[in-house]
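Here's the structure we're looking at; comments come further down.
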Amino acid sequence: MRTSRRIASVVFAAAALSAGSAVAFEGTSPGRPAGGLMDGPSAALAAPGGSRASTGLAGPTGLAAPTAVPVPPMPVAVPPAGVRSTETSLTALQYAAEGGHPIAQWKLGRMYADGNGVDRDDLRAFDYFSRIANQHAEDSPHAPQAQIVANAFVALGRYYRDGIPNSRVRSDRERAQEMFSYAASYFGNPDAQYNLARMYLDGNAQRDPKYAARWLGLAAQKGHLQSQALLGQMLFNGELVPRQAGRGLMLLTLARSNAGVDEVWIREIYNDAMSRASDNERAVAGRMLERWVQGRRD
């Protein structure tokens, strides 16, 4: 099917990208890769939540659903006469979604995934996200709706990773990795890059810390807090990658400065690193932080 072939070509290109320097920060989001079309339905948005990494590295128990970026206004659907006002918004979204509008499909998918205003139904959410992935996988990464499409692939990756109980959607880590890899490589989505890195850290046969560090580095450049914190921890401690204490402390400082009140794990690993850092390591981190703020992220 079209979607699967396209994913396969991009996943192959992603492997080549990941083969670069494990902790390089100079990489940019890949452009549109060459390759054939892909087939098959994409899969499903994972329900919020997840499990802490089995490597012993700190991390959030789950990553919040990505926020859709501004896109062209959604067409206003006029519901049939007699529809109650409390149902108008949902009905309008359903009309727009059936018409193929990705914003409406995304909003409905999130509503059913979160149980927001409707009964929670992960399988129905899965289907809405699958429509987006199937219909828009080949949209330009620079299109207005590109990040909505990327977010749908991330959602599908989570559903494939965890599965949906008592449904046709079974846990399939290989398929999940394909979803994350496509969104990470083709769309340059930082949530996908983070999730893909976690799979390379948490996997068994697929475990590869160098690939994980590479993807975390790309997401960290975009300001992705979890990636900055996790890569910072790895570099400061020399866990799974060569130790670069100054760079690690710099990334932890960035993550800590922007972390929300619920990001307790980021504050904890930052405080731990600061308590163990030498004066020289702190000085190196400070100089690197100045360069970062100036846009010199080498």
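The values are calculated or read from the model by the stated rules, or taken from the named source; none is laboratory data. A quick note: this is a predicted structure, and the numbers were derived from the prediction, not measured. Methodologically, a virtual Cβ is constructed for each residue, glycine included, from the backbone with ideal geometry; neighbour enumeration extends over all protein chains shown. SASA here: full protein model, heavy atoms, side chains in, ligands and nucleic acids out. Shrake-Rupley method; radii C 1.70, N 1.55, O 1.52, S 1.80 Å.
Things worth noting here:
- For beta carbons closer than 7 Å, sequence separation of 6+ or different chains, a first residue in region 124-147 that is farther than 12 Å from Pro102 by Cα and a second that is in a helix (DSSP H, G or I), the qualifying pairs are Arg124/Tyr112; Ala125/Gly109; Ala125/Tyr112; Ala125/Ala113; Phe126/Tyr159; Glu138/Arg6; Ser140/Ala146.
- Residue within region 195-202 that is under 30 Å from Ser171 (Cβ atoms), basic (Lys, Arg) and in contact with a Ser or Thr (Cβ under 9 Å, 6 or more places away or on another chain) present: no
- Scope region 186-208; condition more than 25 Å from Arg124 (Cα to Cα), under 11 Å from the mean Cα position of the chain (by Cα) and assigned to a helix (DSSP H, G or I); matching residues: Pro190, Gln193, Tyr194, Ala197, Arg198
- When residues in region 143-162 are screened for being over 21 Å from Leu196 (Cβ atoms) and either open to solvent by 50 Å² or more (accessible area, probe 1.4 Å) or not in a loop (DSSP other than H, G, I, E, B) (or both), 1 of them pass.
- Scan of region 151-194 for residues that are touching a residue at least 24 places away in the same chain (Cβ under 8 Å) and among the basic types (Lys, Arg), ordered by number: Arg158, Arg161, Arg168, Arg173, Arg175
- Counted residues, region 110-130 - those being assigned to a helix (DSSP H, G or I) and either surrounded by fewer than 18 Cβ atoms within 10 Å (Cβ to Cβ) or touching a Ser or Thr at 6+ places or on another chain (Cβ under 9 Å) (or both): 7
- The criterion of being open to solvent by 10 Å² or more (accessible area, probe 1.4 Å), among the acidic types (Asp, Glu) and touching a His at 6+ places or on another chain (Cβ under 9 Å) holds for Asp191.
- Condition met for Pro165 (closer than 23 Å to Ser89 by Cβ, open to solvent by 10 Å² or more (accessible area, probe 1.4 Å) and either outside any helix (DSSP H, G or I) or in contact with a Gly (Cβ under 8 Å, 6 or more places away or on another chain) (or both)): no
- One residue stands out in region 119-142 among those that are modelled with pLDDT of 95 or more and aliphatic (A, V, I, L, M): the one that is farthest from the chain's Cα centre (by Cα), namely Leu123.
- Matching entry among Arg207, Arg214 (being in contact with a Ser or Thr (Cβ under 6 Å, 6 or more places away or on another chain) and either of a type in the set (A, V, I, L, M, F, W, C) or closer than 25 Å to Glu174 by Cβ (or both)): Arg214
- Among the residues making up region 239-297, those that are open to solvent by 80 Å² or more (accessible area, probe 1.4 Å), more than 17 Å from Leu225 (Cα to Cα) and part of a helix (DSSP H, G or I) are Ser275, Arg276, Asp279, Asn280, Arg282, Arg287, Glu290.
- Test result for Tyr211, in a helix (DSSP H, G or I), within 15 Å of the chain's Cα centre (by Cα), buried (at least 18 other Cβ atoms within 10 Å of the Cβ) and touching a residue at least 40 places away in the same chain (Cβ under 8 Å): no
- Extreme residue, modelled with the highest pLDDT, among residues of region 82-102 that are of a type outside the set (Gly, Ala, Ser) and in a loop (DSSP other than H, G, I, E, B): His101
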